[in-house]
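Accompanying notes for the structure given below.
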Amino acid sequence: MGSPCIIIERNIPFARGIFENVASVSYLSPEEITPEAMADADALITRTRTRCDRHLLDGSKCSIIASATIGLDHVDAEWCRAAGITVCNAPGCNAPAVAQYVLAAVIAAYGKDLKGLTIGIVGVGNVGSIVARWAEGLGMNLMLCDPSRAEREGKEGFCSLDEIARYADIITVHTPYTKSGPHPTHHLFDARFFGSLGRRPMVINSARGPVADNDAWVEAIEAGKAGNAVVDCWEGEPKISERLLRLAYIATPHIAGYSREGKIRATAMAVGAVAEKLGLPVPVLSEPIPPSAPDTVTAGMVVRSYDPFKDTADLRADSSSFEQLRNNYRLRAEIF
């Protein structure tokens, strides 16, 4: 029996040199990850640009898909499970980086003194919990909306999306993207939501593009219902709304989570899952696994760590370069 065949999406950082001594490894672009390429592959390590479904994998030897991402909406998980393919992701890998992005945007708009402002956090998981902790430490009032957690833990401490729409000064979303289930998030921010905004809030989407109806968002901004728009995740990526790009306060090419530390964590989780599945030695990365997010931050720490306006300027200069900017992004350092 020969060594296993592993395909790794070439834009995944810190992944080279890990499996070469124990497996046959190919580094392919998303466009090169085809049914033909996957036919003899035992494992795939990928990102969100590769659609993993029957079309790609039917008849393949692949037994595991490890996505070096938080989200899995690019994977037909139900079909994969039925086909006996293990699916795993990297939950929380870039949560500190996304929280850094959110707070940098808020401070850019409101200044370093955030005391008394109310932030509505929709989705209080890995990312939302860090945003909440940091925001509270900076003196902000919290409104937390997470129906799934409220059902499990009780309603105390949580509020509805309608309440956030009415009373928050800043609204940031950190949900997965789902079209079905008890709490679908497709167009969670729709025309009705934007029409119900009470305080012309800053609205931030660094979760998934289709969580917000981009056309409705544009109309809400133009009508004066929504305030500063911070858009990292867009409908239709990499072809994005030129109107929303023009109107946005901060507009970036889906890089909110693109920290060096986050990428190390994501790659470590993905290669670890593949090694376990294929019975390979525990992989050792060239970089140590970074620590988790600090308990609190100062406004100065946030400002020094990231300036979102450079990334905005780069995207505005040429929106067609969205994918190039994303794939060649210079990974920033998190807040420590």
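Brief remarks on what is shown
- Count of residues meeting criterion [surrounded by fewer than 19 Cβ atoms within 10 Å (Cβ to Cβ) and among the small types (Gly, Ala, Ser)] in the range 247-298: 4
A quick yes/no check of all residues on (1) more than 19 Å from Pro238 (Cα to Cα); (2) not β-branched (Val, Ile, Thr):
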{"site": "Ala15", "(1), (2)": "yes, yes"}
{"site": "Ile18", "(1), (2)": "yes, no"}
{"site": "Pro35", "(1), (2)": "yes, yes"}
{"site": "Thr50", "(1), (2)": "no, no"}
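- Close pairs from the range 188-199: first assigned to a strand (DSSP E or B), partner open to solvent by less than 50 Å² (accessible area, probe 1.4 Å), Cβ under 6 Å, at least 6 apart: Phe189/Ala212
- Filtering the range 257-279 to residues that are outside any helix (DSSP H, G or I) and in contact with a Phe, Trp or Tyr (Cβ under 7 Å, 6 or more places away or on another chain) leaves only Tyr258.
- Flag if Ser129 is of a type in the set (S, T, N, Q), buried (at least 16 other Cβ atoms within 10 Å of the Cβ) and at pLDDT 95 or above: yes
- Flag for Arg316 being closer than 30 Å to Lys225 by Cβ, open to solvent by 20 Å² or more (accessible area, probe 1.4 Å), not in a strand (DSSP E or B) and not acidic (Asp, Glu): yes
- Those strands (runs of 3 or more DSSP E) of the range 1-113 in which at least 1 residues are more than 25 Å from Pro290 (Cα to Cα), of a type in the set (Gly, Ala, Ser) and out of contact with any helix residue (DSSP H, G or I) (no Cβ under 6 Å at 6 or more places or on another chain), considering only elements entirely within it, cover 24-28.
- Residue that is surrounded by the fewest Cβ atoms within 10 Å (Cβ to Cβ), among those in the range 163-184 that are touching a residue at least 40 places away in the same chain (Cβ under 8 Å) and part of a loop (DSSP other than H, G, I, E, B): Thr178
- Residues (without any contact (Cβ under 8 Å) to a residue 12 or more places away in the chain, touching a strand residue (DSSP E or B) at 6+ places or on another chain (Cβ under 8 Å) and either under 20 Å from Val25 (Cβ atoms) or not small (Gly, Ala, Ser) (or both)) located in the range 56-85: Arg81
The values are calculated or read from the model by the stated rules, or taken from the named source; none is laboratory data. What you are looking at is a predicted structure, and each value in this text was computed from that prediction instead of being measured. With ideal geometry, Cβ positions are generated from the backbone for all residues, glycine too; neighbour counts draw on all protein chains shown. For the accessible areas, the whole protein counts, side chains as well, though only heavy atoms, and no ligand, DNA or RNA atoms are used. Shrake-Rupley method; radii C 1.70, N 1.55, O 1.52, S 1.80 Å.
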